[in-house]
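Colleague: For reference, the structure I am asking about is given below.
The values are calculated or read from the model by the stated rules, or taken from the named source; none is laboratory data. Since we're looking at a predicted model, the values are computed, not measured. Backbone-built Cβ (ideal geometry, glycine too); neighbour counts: all protein chains shown. The protein model used for the area step is the full one, side chains on, heavy atoms only, and it has no ligands, DNA or RNA in it. Shrake-Rupley method; radii C 1.70, N 1.55, O 1.52, S 1.80 Å.
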Amino acid sequence: MAPAIKTASPASSPAKKPLNVGTALPYETRTALHLKGLVPSAVEDFSAQEARAREQLRSKGTDLEKYIFLSWLRNTNLNLFYRLVLGNLKE
């Protein structure tokens, strides 16, 4: 008879929060996670990222280009995507 394999139940295992914050990831976290050289060297706050993403979105000429940009942003930086979409619903 094979020994029983114990697995952690979802309630007992800590939830892992995704770190898709782009350049807003602080230096201390980058060092702790050994990400030196794997992420951009600049550290910005979310407002600078949002302003840059908003300008990129406004530079797109067609709705298809805007959709492609927002789709890419959703896949790469979920926090920034929601901040940009919820902050600019009229656009």
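Colleague: Report residue 89's accessible area, 1.4 Å probe, all protein chains in place, as a number in Å² to the nearest 10.
Modeller: 120 Å²
Colleague: Once you sort the root eigenvalues of the Cα gyration tensor of segment 27-91 as a ≥ b ≥ c, which label holds: rounded (a/c under 1.5), prolate (a/b larger than b/c) or oblate (the other case)?
Modeller: Numbers: a/c = 2.55, a/b = 2.16, b/c = 1.18.
Prolate.
Colleague: Using a simple spin-label model with points 7 Å from Cα along the Cα→Cβ vector, what separation in nm is obtained for residue 75 and residue 88?
Modeller: Label-label distance for residue 75 and residue 88, simple model: 2.0 nm.
Colleague: While we're on this one: Considering only protein heavy atoms, with the full assembly of protein chains and a 1.4 angstrom probe, order 74, 58 by accessible area, largest first.
Modeller: On the way: 74 100, 58 120 Å².
Largest accessible area first, the residues go 58, 74.
Colleague: In sequence order, what are the phi-derived ³J(HN,Hα) couplings for segment 78-89 according to the Karplus relation 6.51 cos²θ - 1.76 cosθ + 1.60 with θ = phi - 60°, rounded to whole Hz, with x for glycine and proline?
Modeller: 3J(HN,Hα) across segment 78-89, in whole Hz: 4, 4, 5, 4, 5, 5, 5, 5, 5, x, 9, 5.
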